[in-house]
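These notes are about the structure you will find just below.
The values are calculated or read from the model by the stated rules, or taken from the named source; none is laboratory data. Keep in mind that this is a model prediction, so the values were computed, not measured. We place every Cβ from the backbone using ideal geometry, glycine too, and count neighbours over all the protein chains shown.
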Amino acid sequence: MSMEKCYENDQALIEYDAIHYALILTWKHFVQGEKYRETLLAFYDLSEQKNIKKWCFDGREHGTIARNDQQWVANETIKRAFHINPIKTALILSRNVFLQHSIDNVIETINTRTNYEASNDIYRIFKTREEGLEWLYE
């Protein structure tokens, strides 16, 4: 699998898989506020520039998503209309129930504000990156 590093900072690494039109975001540790948003803005901008069809978020090292950042993610997702043309998304999570709850809150906010209903065909949660990418690339 050939990955191109697109973006890296102290918080995260974003890689591009041109064969599958996929972006992979790997968090290095817990981040919130401006640094969290700066990384996601780079990820969203790259998604639009490269016409991305698949996302992989590896949050095993991240922890949870701060409440203010949850709202920001929902707003940014709606603003960029990612819910209109859903991107197949693999979420790689540890056993951290707080991160799972944070993600559920973001999805519920998007669903409520847009009358969109995300399904298991669009996103799934995995324990390992390998499992997530295997499903993503089906």
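The numbered conditions (1) under 24 Å from Gly63 (Cβ atoms); (2) modelled with pLDDT of 75 or more; (3) assigned to a helix (DSSP H, G or I) are all true for Arg124 except (3).
You will find that of Lys53, Lys35, Lys5, the residue that is modelled with pLDDT of 90 or more, touching a Leu at 6+ places or on another chain (Cβ under 8 Å) and among the basic types (Lys, Arg) is Lys5 and no other. Going by the conditions given, is Ile92 under 19 Å from Thr112 (Cβ atoms), surrounded by 18 or more Cβ atoms within 10 Å (Cβ to Cβ) and touching a Gly at 6+ places or on another chain (Cβ under 9 Å)? Criteria not met by Ile92. For segment 106-118, does any single residue satisfy the condition of being of a type in the set (Asp, Glu) and either at pLDDT 85 or above or not in a helix (DSSP H, G or I) (or both)? Yes: segment 106-118 contains one or more residues that are of a type in the set (Asp, Glu) and either at pLDDT 85 or above or not in a helix (DSSP H, G or I) (or both).
Restricting to segment 28-39, give me the number of residues that are surrounded by fewer than 20 Cβ atoms within 10 Å (Cβ to Cβ) and of a type outside the set (D, E, K, R). Number of matching residues: 4.
Against the criterion of being within 17 Å of Ile92 (Cβ to Cβ) and within 15 Å of the chain's Cα centre (by Cα), His20 does not qualify. Is it the case that some residue within segment 95-102 is without any contact (Cβ under 8 Å) to a residue 12 or more places away in the chain and assigned to a helix (DSSP H, G or I)? Looking through segment 95-102, at least one residue is without any contact (Cβ under 8 Å) to a residue 12 or more places away in the chain and assigned to a helix (DSSP H, G or I). The listed residues are Tyr44, Tyr21, Tyr16, and the only one of them that is touching a Lys or Arg at 6+ places or on another chain (Cβ under 7 Å), modelled with pLDDT of 95 or more and hydroxyl-bearing (Ser, Thr, Tyr) turns out to be Tyr16.
Within segment 61-85, being surrounded by 14 or more Cβ atoms within 10 Å (Cβ to Cβ), assigned to a loop (DSSP other than H, G, I, E, B) and of a type in the set (Val, Ile, Thr) holds for Thr64, Ile65.
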